[in-house]
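Visitor: Have a look at this one before I ask anything.
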């Protein structure tokens, strides 16, 4: 197989790499994390100006028709800088859902904004007891005349606190875990009946709980038929998270290796100790396995929906989750106490990796999903 | 006004360079290659001059292997209008490069040639000056400001004592220093446009230039590892060591 990037992909990667390297120093990230938005609005603007937020959209919708590979290249670089911006949530997940389900008018209204970065969107799929099951939806949608009225609570909506629009899954028919009867709605977070409780997540980002009390929502797609699209787009988001994790793991492996070559104990650098060399090698082996799976995920993220695609994406997320936590935990062990300090960048990489290993399904969830596909 | 910008394919500045085991050179296998940072500044300056309406066309030129097309494509994505690759797989000396660039200058007749002051691989800092000598044009090296006025260009140079401004008659050669500008990022729309911009490939023999080198690399070695620093207990001790041991104050 030829894994060589095209000239355009190389240039895209270089642009993203340079931008992250210049604009995302550890200090700047700290500053952005503590800001009201919880990310750098300036960096978000730059992503838009350079066209990076337009990558995955079809050319006729103002995008560049990028594939999973282009998304992977950007996400890897964002992972290297542990960037706080909700790129995956707004561009890949929300943008993907609108592209797949939206009417021409909805696409025209929303996608241009998302592609330019002027509109930041968020997606609210999780609930208190859903535990990664996208069909577990208790939030209700009731039609009143031509309007849809939503009631319920959505949890951990990353980027939801600053989003201009939030896509909310709600049930208009069926039982709690039925795949049929789930619809997707565009909610204006500033409209009546919508309340947000903002909080910081352990990886330095911000998200919110979304409370819907007779809130109005605009239907995206057909009523009761959104599950397949949600599941498909979650697959694209999983591929993006895998790539982000690989970027973050690579940096964490590099800084751990640097530390082993610098820190002295018993008169020699600790990297001289064979037992630590073995552990470092195991970390890099885990990273390489995860990299292969992230490439696989990127290659099939935009393929037609199929059981095989879902199984491979679950396999990728499982492998990446395991590797992410392994690299994060081993890095802390090899560093010793310093890796637990707020002032050390390694601690923040480790926290982001642990968070990624839980976003859109932990390893148990994806192992079960993979096993279910095998036995189907 | 036509501007010619020279760009060089070098090992990316973030790569830790390794010397080959036989000391014959630097190991380039699987190493990330990029445009020389000083050349990026040169491209940026040309693009800014075009944006100001001073320049009408920017031609990026590189001398190197086929893969140097990647760096030329980057120059096109940053704003150059067309590109010329003088294709050569040999390890060329600064003089050979300058002769090839002179041939391209004769062919294209630019009013301004902008180069990086040096490339970060060999750090020779020679090509711009040699090109000026070969072409007979005035030279403003280590530029931190470039202002074109009519048929003249004022170049502020970074020199040991501060800054020096030279006033050159066009056509002229300018080499860029770090503070001249901050290069832009290649945006996605411009990356896509770069695909359609023309790129010409020439061979040294087509330009009538012999690239036979008078230089031979005998041996390449990594610099000696730095010895560990020491902690001093007080400012007085530091001053004493600087004065009596290091003898720098």
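Visitor: Kindly state which helices (runs of 4 or more DSSP H) lie completely within region A:16-124 and contain at least 3 residues that are without any contact (Cβ under 8 Å) to a residue 12 or more places away in the chain.
Guide: Answer list for region A:16-124: A:26-34, A:104-116.
Visitor: Which numbered condition trips up residue B:4, out of (1) within 14 Å of another protein chain (Cβ to nearest Cβ); (2) touching a helix residue (DSSP H, G or I) at 6+ places or on another chain (Cβ under 9 Å)?
Guide: Unmet for residue B:4, out of (1) within 14 Å of another protein chain (Cβ to nearest Cβ); (2) touching a helix residue (DSSP H, G or I) at 6+ places or on another chain (Cβ under 9 Å): (1).
Visitor: Can you tell which of A:183, A:231 is in a helix (DSSP H, G or I) and either in contact with a strand residue (DSSP E or B) (Cβ under 9 Å, 6 or more places away or on another chain) or modelled with pLDDT of 95 or more (or both)?
Guide: A:231 is the lone residue from the list that is in a helix (DSSP H, G or I) and either in contact with a strand residue (DSSP E or B) (Cβ under 9 Å, 6 or more places away or on another chain) or modelled with pLDDT of 95 or more (or both).
Visitor: Out of A:255, A:238, report the one residue that is within 24 Å of the chain's Cα centre (by Cα) and farther than 26 Å from residue A:120 by Cα.
Guide: A:255
Visitor: Of everything in region B:101-126, what is over 21 Å from residue B:181 (Cα atoms), surrounded by 19 or more Cβ atoms within 10 Å (Cβ to Cβ) and within 15 Å of the chain's Cα centre (by Cα)? Give them in sequence order.
Guide: Across region B:101-126, the qualifying residue is only B:101.
Visitor: How do the strands (runs of 3 or more DSSP E) wholly within region B:58-149 filter down when requiring 2 or more residues that are at pLDDT 95 or above and either under 30 Å from residue A:9 (Cα atoms) or within 14 Å of another protein chain (Cβ to nearest Cβ) (or both): which remain?
Guide: B:82-87, B:112-116
Visitor: Sticking with this structure for a sec: Within region A:268-287, track down each residue that is under 26 Å from the mean Cα position of the chain (by Cα) and surrounded by 15 or more Cβ atoms within 10 Å (Cβ to Cβ).
Guide: A:283, A:284, A:286, A:287
Visitor: Would you mind finding the one in A:215, A:294, A:248 that is part of a strand (DSSP E or B) and outside the structural domain of residue A:14 (by TED's automatic domain parsing)? Show your work before the answer.
Guide: Details: A:294 fails: part of a strand (DSSP E or B); A:248 fails: part of a strand (DSSP E or B).
Answer to the selection: A:215.
Visitor: Restricted to region A:20-41, and to residues that are surrounded by fewer than 18 Cβ atoms within 10 Å (Cβ to Cβ) and within 14 Å of chain B (Cβ to nearest Cβ), which residue is farthest from the chain's Cα centre (by Cα)?
Guide: Result: A:22.
Visitor: Separate question: All but one of (1) more than 17 Å from the chain's Cα centre (by Cα); (2) on the phi < 0 side of the Ramachandran plot; (3) within 10 Å of chain B (Cβ to nearest Cβ) hold for residue A:60; state the number of the condition that does not hold.
Guide: So the condition that residue A:60 fails would be (3).
Visitor: Another question, if that's okay. State whether one or more residues within region A:335-352 are in contact with a helix residue (DSSP H, G or I) (Cβ under 7 Å, 6 or more places away or on another chain), closer than 11 Å to residue A:239 by Cα and in the same structural domain as residue A:245 (by TED's automatic domain parsing).
Guide: no
Visitor: Next up: For region A:186-208, state whether one or more residues are at pLDDT 95 or above, touching a strand residue (DSSP E or B) at 6+ places or on another chain (Cβ under 9 Å), at positive phi and surrounded by 14 or more Cβ atoms within 10 Å (Cβ to Cβ).
Guide: So far as region A:186-208 goes, yes, one or more of its residues are at pLDDT 95 or above, touching a strand residue (DSSP E or B) at 6+ places or on another chain (Cβ under 9 Å), at positive phi and surrounded by 14 or more Cβ atoms within 10 Å (Cβ to Cβ).
Visitor: Here's another thing I want to ask about it. Taking region B:180-198 only, how many residues are assigned to a helix (DSSP H, G or I) and either facing chain A (nearest Cβ under 9 Å) or buried (at least 18 other Cβ atoms within 10 Å of the Cβ) (or both)?
Guide: So the answer is 7.
Visitor: Tell me whether region A:63-81 contains one or more residues that are buried (at least 24 other Cβ atoms within 10 Å of the Cβ), away from every other protein chain (no Cβ under 11 Å), over 26 Å from residue A:218 (Cα atoms) and touching a strand residue (DSSP E or B) at 6+ places or on another chain (Cβ under 9 Å).
Guide: Scanning region A:63-81, I find no residue that is buried (at least 24 other Cβ atoms within 10 Å of the Cβ), away from every other protein chain (no Cβ under 11 Å), over 26 Å from residue A:218 (Cα atoms) and touching a strand residue (DSSP E or B) at 6+ places or on another chain (Cβ under 9 Å), so the answer is no.
Visitor: Then there's this: Would a scan of region A:205-221 turn up a residue that is out of contact with any helix residue (DSSP H, G or I) (no Cβ under 9 Å at 6 or more places or on another chain) and without any contact (Cβ under 8 Å) to a residue 40 or more places away in the chain?
Guide: Within region A:205-221, not a single residue is out of contact with any helix residue (DSSP H, G or I) (no Cβ under 9 Å at 6 or more places or on another chain) and without any contact (Cβ under 8 Å) to a residue 40 or more places away in the chain.
Visitor: Here's another thing I want to ask about it. For residue B:214, all conditions in the list (1) free of Cβ contacts under 8 Å to residues at least 40 places away in the same chain; (2) assigned to a loop (DSSP other than H, G, I, E, B) hold save one; what is the number of the exception?
Guide: (1)
Visitor: Kindly indicate whether residue B:77 is touching a helix residue (DSSP H, G or I) at 6+ places or on another chain (Cβ under 6 Å) and either surrounded by 17 or more Cβ atoms within 10 Å (Cβ to Cβ) or under 22 Å from residue B:129 (Cα atoms) (or both).
Guide: Numbers: touching a helix residue (DSSP H, G or I) at 6+ places or on another chain (Cβ under 6 Å): yes; either surrounded by 17 or more Cβ atoms within 10 Å (Cβ to Cβ) or under 22 Å from residue B:129 (Cα atoms) (or both): yes.
Considered against the rule, which asks whether it is touching a helix residue (DSSP H, G or I) at 6+ places or on another chain (Cβ under 6 Å) and either surrounded by 17 or more Cβ atoms within 10 Å (Cβ to Cβ) or under 22 Å from residue B:129 (Cα atoms) (or both), residue B:77 comes out as yes.
Visitor: Which residues, taken from region A:111-133, are in contact with a helix residue (DSSP H, G or I) (Cβ under 9 Å, 6 or more places away or on another chain) and crowded, with 21+ Cβ neighbours inside 10 Å?
Guide: Result: A:111, A:114, A:115, A:117, A:120, A:121, A:122, A:123, A:125.
Visitor: OK, next. Can you say whether residue A:332 is crowded, with 17+ Cβ neighbours inside 10 Å and under 18 Å from the mean Cα position of the chain (by Cα), as far as the supplied structure shows?
Guide: no
Visitor: Answer yes or no as to whether residue A:11 is buried (at least 22 other Cβ atoms within 10 Å of the Cβ) and without any contact (Cβ under 8 Å) to a residue 24 or more places away in the chain.
Guide: Judged against the criteria, residue A:11 is a match.
The values are calculated or read from the model by the stated rules, or taken from the named source; none is laboratory data. If you're wondering where the values come from, they're calculated on a predicted model, not measured in any experiment. Heads up, the Cβs are rebuilt from the backbone with ideal geometry, glycines too, and the neighbour counts pull from every protein chain shown.
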